[in-house]
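Heads up, the thing below is written out as structure tokens.
The values are calculated or read from the model by the stated rules, or taken from the named source; none is laboratory data. Keep in mind the model is a prediction, meaning the values are calculated, not measured. Don't worry about glycine lacking a Cβ; one is built from the backbone with ideal geometry, like all the others, and counts go over all protein chains shown. Remember, those area values only see protein heavy atoms, side chains included, never the ligands or the DNA or RNA. Shrake-Rupley method; radii C 1.70, N 1.55, O 1.52, S 1.80 Å.
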Amino acid sequence: MRYNELKRQVDGITNMVLSQSLKEMEKQGLIVRKQFMEIPPRVEYSLTEAGEALIPSLKSLAEWGKEMQIKVKNHV
């Protein structure tokens, strides 16, 4: 994905936070940053095997978070 595609996918994220997050995930080996030397220059990000391996766990965590929101909402 390109940077602006990622930014549109994450509601409310600032450019600084997205940029820092991408750098950290690249440093941790979760994503690869590929820069294309063309006019205008473009950069694409993709998941590594390690990043792909996290998807099931992240989906489970997201589902748990949704369930907790519902429980809290119903108890208020």
(request) Rank these residues by their accessible area, most exposed first, probe 1.4 Å: Leu22, Leu47, Leu61, Leu30. (result) Leu61, Leu47, Leu30, Leu22
(message) Quick check: net charge around Val43, other residues with Cβ under 10 Å of its Cβ, Lys/Arg +1 and Asp/Glu -1?
(response) +3
(request) Using amide H atoms built 1.01 Å from N in the peptide plane, name the residues 5+ places from Ile13, or on other chains, whose amide H lies under 5 Å from its own. (result) none
(request) Take the alpha carbon gyration tensor of the chain, find the square roots of its eigenvalues, order them as a ≥ b ≥ c, and report rounded if a/c is under 1.5; if not, report prolate when a/b exceeds b/c, else oblate. (result) prolate
(message) Tell me the per residue accessible area of the chain using a 1.4 Å probe; a whole number in Å² is fine.
(response) 86
(message) If you roll a 1.4 angstrom probe over the protein chains with everything in place, what fraction of the accessible area of the chain belongs to carbon and sulfur, to the nearest %?
(response) 58
(message) As a quick test, which of the pairs Lys7/Lys27; Lys27/Lys71; Lys23/Lys73; Lys27/Lys73; Lys23/Lys59 have an alpha carbon distance above 28 angstrom in this structure?
(response) Lys27/Lys71; Lys23/Lys73; Lys27/Lys73
(request) Restrict the search to the chain; then list the GluC sites (Glu not before Pro) that DSSP places in a loop and that have at most 11 other Cβ atoms within 10 Å of their Cβ. (result) Glu38
(message) Quick check: the angle from helix 15-27's long axis to the longest principal axis of the chain, C-alpha only, nearest 10 degrees?
(response) 80
